[in-house]
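A short worksheet on the structure shown next.
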Amino acid sequence: MGKVSVRFFARYAELAGCTWSAVNVETPATVADVIARVREVFPGTKGLPPQPLAALNQRQVRLDALVNEGDEVALLPPLAGG
Amino acid sequence: MMHLTRHPIDVRDLLAEVQGPERGGTCVFTGTVRNDADVTGIEYSAYEAMAFAEIERILGEAQSQWPEARVILQHRLGLISVGEASIAIAAAAPHRDDAFAACRFVIEAVKKRLPVWKKEHRADGTTSWVDPSGKVVTHGP
């Protein structure tokens with residue numbers, strides 16, 4: 001098992017009830033595995049879309065990207081910059 | 001210049017960063033908060049570390065594509081009133097075509113890639129997250 005940091009922003013932070021946490025997953029895992037664990041730990045995140053945008057260590061990635069212990073996964077609501 | 005700021009954007013600061021005697025064309029884009037449907041302001045938030053890194057990557061790509069151009073952008077965060085700028089981009093190049101193209105490239109990349117979110121504040125006290133895909137999530141005052 002490895003610990004992965006998880007960050008929530010904007011509406012997703014409201015759903016999760018926090019902006020930062022950490023979850024334990026079997027590593028190496030995928031971003032999708034981390035999100036599945038997040039849905040178990042934070043009931044409010046069941047309101048997340050099936051395939052939310054995600055970033056791994058500050059870069060947008062696909063949900064099949066590999067995650068290792070100590071990595072940071074961020075769940076990103078639809079982007080609205082500008 | 002800081003790419004992210006919580007203070008009003010002054011376009012003159014951006015111009016000073018990009019203009020020079022060898023660059024004869026300068027293009028400036030500003031995005032300002034609209035008064036749609038009783039909106040009084042928009043609260044911008046960001047994944048700041050990633051937003052900074054992403055802006056650096058976008059500007060680097062613009063620099064590679066238009067090597068003779070200089071491009072800068074500043075995005076404001078926090079609550080911004082109607083009529084005030086949330087973003088400004090300045091691109092200067094030897095000729096106007098490259099200045100327009102670089103400026104356009106940067107704003108389109110920002111729209112697609114910058115981890116920034118906005119919450120509309122309305123006159124009646126309600127707020128809602130803005131989802132560019134069209135969904136609106138409204139909250140009470």
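Find the residue count for the range A:51-82, including only residues that are touching a residue at least 40 places away in the same chain (Cβ under 8 Å) and within 11 Å of another protein chain (Cβ to nearest Cβ).
Matching residues across the range A:51-82 total 5.
Of all the strands (runs of 3 or more DSSP E) wholly in the range B:22-141, which have at least 3 residues that are within 13 Å of chain A (Cβ to nearest Cβ)? Step through it out loud before you land on a result.
Numbers: elements: B:25-32, B:39-46, B:70-76, B:78-81, B:85-93, B:116-122, B:127-130, B:136-139.
Hits in the range B:22-141: B:25-32, B:39-46, B:70-76, B:85-93, B:116-122, B:127-130, B:136-139.
Only residues in the range B:23-40 that are more than 30 Å from B:ASP98 (Cβ to Cβ) count as the first member; pair them with residues that are assigned to a strand (DSSP E or B) and small (Gly, Ala, Ser), Cβ under 8 angstrom, at least 6 apart or cross-chain, and list the lot.
What qualifies is B:THR40/B:SER81.
Of A:LEU63, A:LEU75, which residue is within 23 Å of B:ILE58 (Cα to Cα), at pLDDT 95 or above and part of a strand (DSSP E or B)?
Criteria check complete, one pass: A:LEU75.
Name the one entry in B:GLY20, B:GLY25 that is in contact with a His (Cβ under 7 Å, 6 or more places away or on another chain), surrounded by fewer than 18 Cβ atoms within 10 Å (Cβ to Cβ) and over 24 Å from A:PRO78 (Cα atoms).
B:GLY25
Residues that are free of Cβ contacts under 8 Å to residues at least 60 places away in the same chain and touching an Asp or Glu at 6+ places or on another chain (Cβ under 8 Å): does the range B:96-112 have at least one?
Within the range B:96-112, one or more residues are free of Cβ contacts under 8 Å to residues at least 60 places away in the same chain and touching an Asp or Glu at 6+ places or on another chain (Cβ under 8 Å).
The values are calculated or read from the model by the stated rules, or taken from the named source; none is laboratory data. Computed from a predicted model, the values in this text were never measured in an experiment. Using ideal geometry, Cβ is built from the backbone for each residue, glycine included, and neighbour counts are taken over all protein chains shown.
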